[in-house]
Each structure stands twice: as structure tokens, then as C-alpha cells.
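One structure is given below, encoded as C-alpha cells.
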Amino acid sequence: MFHPTVFDNIKVAIENQIYDYDNLDGILVVTDRSDLLNMALMSREFSLSFKLIGGLKVTSEIVLNASTKDLNDEILDAPDTNPGCNLQLRFYTQVQDIPSQCLAIESILHAIWGPDLRPIQALSFIYGEDKGYNNCIELQFKRQITEEQMEDIPDLLQHLLQSAEELEAV
């Protein structure tokens, strides 16, 4: 009989909560969903993107990854391992004034997530268009997420929603 992996269990917990925020609470709208199996690497990736209701500038994304090693260790019940998955949060927005807006973004995320989770901001633009700069802000958790952190998911998602809301004001 199929036994869901840590990746599957965490994915379902996150997905259910986000869809509850969309369908039941009406505080966001899911804009994209992806659940991929990389057949070349035998890894998994799940992502879910959303915008806050009334939010015009920021798209938020949760990305969950499980490597071949993580999945293999769990399925084969490898000794002395603690299988889990990796979590990244991304925010997409546009900026006009790079020095002040990027500093404000870093300050907001530092206040919400603390000093250990440093945001990485990658700026890009389309040549010939003067619409500002696309900013992809990523928060990468340094440790793996396991089923032991399942009870932390509601708090994590509340921080994610707070981040999106405060980034809307930048």
C-alpha cells in the first residue's frame, strides 16, 4: 500500500491551508499551482502562487522541494537519516527606486522573519520598456522541514501573509 512521503504530507498541509484562505476566508486568490516530478533527477517540486485580495503589486509563492536522496532515504527507511524537504518563499513585485525600495523590502522581511533568514533580491528588466524593475525576493530556509514542523505551518503561513501585505505598501 502507498505510504505518503514527508514531502506529500507537508505539501497537502500547506495546500489545504492556502486553499482555505482562498475559498473559505476570501483573503487571497490562488494564481498558479505546480506539482512536478523531475524524471531525470527523480526529485519533486511543488509550488503554489497567490495574490492577496485587494493586492495589486505582490505575487507570493511557496516552493517545496524533495531531492532524490530525501525521497530515497525515506522510502528505503535508511538508518541514521531524518528525511525532509526544502522550503522557499518568493515574492514578486516591481520597483522603481532600487536603493530605497530594496532596502525597505529587506527591512520588512528582516522584521518579520528575523536575522537568520536573509532575503535575496534578484532584479531584472525588459530592455526597451521603461516599466521599472522586476524584483524576485526569495527566502530560503537553511534547514530541512520535516513532519515534526507540521504544527508550525499555520504560523509560517501567517508570516507569509503578513509579508505579502507589508510588501504591498513598498
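The values are calculated or read from the model by the stated rules, or taken from the named source; none is laboratory data. All values reported here derive from a predicted model rather than from experimental measurement. Cβ placement follows ideal geometry from the backbone for every residue including glycine, while neighbour counts extend to all protein chains displayed. Surface accessibility is based on the protein's heavy atoms, side chains included, excluding ligands, DNA and RNA. Shrake-Rupley method; radii C 1.70, N 1.55, O 1.52, S 1.80 Å.
Could you give the angle, 0 to 90 degrees to the nearest 10, between helix 153-168's Cα long axis and the longest principal axis of the Cα atoms of the chain?
In the chain, helix 153-168 runs at an angle near 20 degrees to the longest axis.
Using only the alpha-carbon atoms, how far is helix 6-23 inclined from the longest principal axis of the chain? Give it as 0 to 90 degrees, nearest 10.
That helix lies at roughly 40 degrees to the long axis.
Can you tell me the relative contact order of the chain? Whole percent, Cα pairs under 8 Å, sequence separation 6 or more.
After rounding, I find 21 percent.
Which residue, Glu148, Glu45, Glu138, tops the fluctuation ranking in a GNM of the chain built on C-alpha contacts under 10 Å?
Glu148
Per residue of segment 26-41, what does 6.51 cos²θ - 1.76 cosθ + 1.60 with θ = phi - 60° give for ³J(HN,Hα)? Whole Hz please, x for Gly and Pro, Karplus curve as stated.
Couplings: x, 9, 8, 10, 6, 10, 6, 8, 9, 9, 10, 10, 7, 5, 6, 9 Hz.
Report the one residue of His3, Ala111, Gln17 whose Cα lies farthest in the direction of the positive end of the charge dipole of the chain (charges on C-beta: Lys and Arg +1, Asp and Glu -1; origin at the Cα centre).
In the chain, that residue is Ala111.
By accessible area of protein heavy atoms, probe 1.4 Å, what ranking do Lys142, Lys57 get, highest first?
Lys142, Lys57
Please name whichever of Gly26, Asn38, Ile53 sits farthest to the positive end of the charge dipole of segment 13-69, dipole taken about the Cα centre and charges placed at Cβ: Lys and Arg +1, Asp and Glu -1.
With unit charges placed on the Cβ atoms, the residue in question is Asn38.
Identify all lysines with a Cα-Cα distance to Lys57 below 16 Å; exclude those on the same chain that are fewer than 8 residues away in sequence.
Those lysines meeting the cut-off are Lys131.
Can you tell me the orientation of helix 98-113 relative to the chain, as the angle in degrees between its alpha-carbon axis and the longest Cα principal axis, to the nearest 10?
Computed tilt is about 40 degrees.
Given the options Arg143, Arg44, Arg118, which has the most mean-square fluctuation in a GNM of the chain, springs set between C-alpha atoms less than 10 angstrom apart?
Per the Cα network of the chain with a 10 Å cutoff, Arg143 tops the list.
If you place +1 on the Cβ of every Lys and Arg and -1 on the Cβ of every Asp and Glu, how big does the dipole about the Cα centre of the chain come out, in debye to the nearest 20?
500 debye
Just one of [x] 1.00; [y] 1.12; [z] 1.21 is Cα Rg over 2.2 N^0.38 Å as worked out from the coordinates here. Which one is it?
Given [x] 1.00; [y] 1.12; [z] 1.21, the calculated one carries the label [y].
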